[in-house]
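What follows is one structure encoded as structure tokens, with my remarks underneath.
The values are calculated or read from the model by the stated rules, or taken from the named source; none is laboratory data. Since this is a predicted model, take the numbers as computed values, not measurements. Positions of Cβ are backbone-derived with ideal geometry, glycine not excepted, and every protein chain shown enters the neighbour counts. These area figures cover heavy atoms from the full protein model, side chains too; ligands, DNA and RNA do not enter into them. Shrake-Rupley method; radii C 1.70, N 1.55, O 1.52, S 1.80 Å.
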Amino acid sequence: MIETLVIRAERQCDFDEIRTLVKAAFAGAEHTDGDEHNLVDRLRCTDEYIPGLSFVAEINGKIVGYAMFSQINIGSCKAISLAPLAVLPGFQNHGIGRALIEAGHQKAKEGDYYCSVVLGSPEYYSKSGYLPALPFGIVAPFEIPPQFYMVFPLKLRLPHGTVRYSHAFGV
Ligand SMILES: CC(C)(COP(=O)(O)OP(=O)(O)OC[C@H]1O[C@@H](n2cnc3c(N)ncnc32)[C@H](O)[C@@H]1OP(=O)(O)O)[C@@H](O)C(=O)NCCC(=O)NCCS
């Protein structure tokens, strides 16, 4: 872990730097549609954007990591989706992604959210406590091999059903 790492909520003055960071991080990613930086901009313009639940990781004033949690619904219950998560190449594998996820979960527990849902690598997200969503009866609204769709419980009992995303995701 890098010692001078600061995790804090994003501010409007960060938006340009975040956009550049997300684009750079996903340029080298295994799975990408090349649209993640635009997704962030779109989500901020929706009702599903949650002020205070998007985080930057900062080292000596430079933003090196970013995580956005936006609202989703499972039935009539509120939950959150982690997307995107990005760490600048050169700063990866120092625990920054994990620290951003942890900050999001801690803050989300103050709200009325049942769980966090993510689409991604089971090897990576299981390190932060994510579990396969299917055994919880939580289903993606798109075709995806089930092991890539995961949930982190924020409450003891979870709702089940098909997840509804912001229109910003285009799903
Ligand atoms: C994925 C990403 C956010 C991880 O952030 P990070 O700060 O490098 O990760 P952490 O330091 O918290 O965790 C590192 C651990 O995760 C593993 N890991 C990193 N990326 C991984 C991946 N894509 N799949 C599986 N494991 C991965 C590392 O091997 C390391 O394992 P170890 O702890 O056993 O040594 C970062 O690599 C990134 O921005 N990648 C490009 C964008 C991307 O793919 N985002 C995720 C979309 S689902």
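Scanning region 85-116 for residues that are more than 16 Å from the ligand (Cβ to nearest atom) and over 15 Å from TYR130 (Cβ atoms) gives LYS107, LYS109, GLU110, GLY111, ASP112. Screening ASP47 on (1) within 15 Å of the ligand (Cβ to nearest atom); (2) closer than 26 Å to PHE136 by Cβ; (3) open to solvent by 40 Å² or more (accessible area, probe 1.4 Å); (4) modelled with pLDDT of 95 or more shows it passes everything except condition (1).
Elements of the type strands (runs of 3 or more DSSP E) sitting completely within region 67-171 and holding at least 1 residues that are more than 20 Å from ALA25 (Cβ to Cβ) and under 14 Å from the mean Cα position of the chain (by Cα): these cover 77-87, 115-119, 149-153.
Of all residues in region 49-84, those being over 26 Å from LEU131 (Cβ atoms) and small (Gly, Ala, Ser) number 1.
Taking the listed residues PHE148, PHE169, PHE136, the one that is away from the ligand (no atom under 14 Å from the Cβ), touching a strand residue (DSSP E or B) at 6+ places or on another chain (Cβ under 9 Å) and among the aromatic types (Phe, Trp, Tyr) is PHE136, with no other qualifying. Scanning region 97-143 for residues that are crowded, with 17+ Cβ neighbours inside 10 Å and polar (S, T, N, Q) returns SER116, SER128. For ALA57, are the conditions met, namely being over 16 Å from ALA168 (Cα atoms) and surrounded by fewer than 19 Cβ atoms within 10 Å (Cβ to Cβ)? Here the answer is no, as ALA57 does not meet what is asked. A single entry from LEU158, LEU154 fulfils the requirement of being open to solvent by less than 70 Å² (accessible area, probe 1.4 Å) and within 22 Å of GLY52 (Cα to Cα): LEU154.
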